[in-house]
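The values are calculated or read from the model by the stated rules, or taken from the named source; none is laboratory data. None of these values were measured; they are calculated from a predicted model. Note: ideal-geometry Cβ built from the backbone for every residue, glycine included; neighbour counts use all protein chains shown.
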């Protein structure tokens, strides 16, 4: 059964709307819990995690102004320069709709070659019914098993392994886990 936009829940619509704006300005990926949730895992979340490449202040200002024009507000500040300072210091920022405190888009700049690799290997996941870019299933499994390791993350990884079993590449997961150990642990 094909999902129609009217069938979307609040989280899906929020993500689609936000991604459509960001895509006009730069590459992006959705990572972490929303990947598992949009792939059928039944669990709640109030935020969606997005990584974008490091932008110049001018590029970021245009992105922020476009988001603001489309009724998204940054929780940290209205000033693009102040928000940019957070991002360039590897601190994530959060956007919501101007009339709703939830859901939130947690946005951060790519901070190292691992994040850049995620952006280079991004995928659209037809199973989700969402026309947005995700980090690869292998990347999500590796991060959840090697880096995050909470019960929720391990359950997410287990779900992704089951749902995408024909697509899981153990060699790629091993390669990513080695990158995680070298760059993050």
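Observations
- A residue that is within 29 Å of residue 165 (Cβ to Cβ), without any contact (Cβ under 8 Å) to a residue 24 or more places away in the chain and in contact with a helix residue (DSSP H, G or I) (Cβ under 9 Å, 6 or more places away or on another chain) occurs nowhere in the stretch 60-67.
- Any hit, the stretch 150-159, residues being closer than 18 Å to residue 115 by Cα and modelled with pLDDT of 95 or more: no
- All positions within the stretch 162-177 that are surrounded by fewer than 16 Cβ atoms within 10 Å (Cβ to Cβ) and within 12 Å of residue 145 (Cα to Cα): 174
- Close Cβ contacts (under 6 Å, 6 or more residues apart or on different chains) running from residues in the stretch 10-27 that are free of Cβ contacts under 8 Å to residues at least 60 places away in the same chain and at negative phi to residues that are surrounded by 14 or more Cβ atoms within 10 Å (Cβ to Cβ) and assigned to a helix (DSSP H, G or I) comprise 21/66; 21/67; 25/63.
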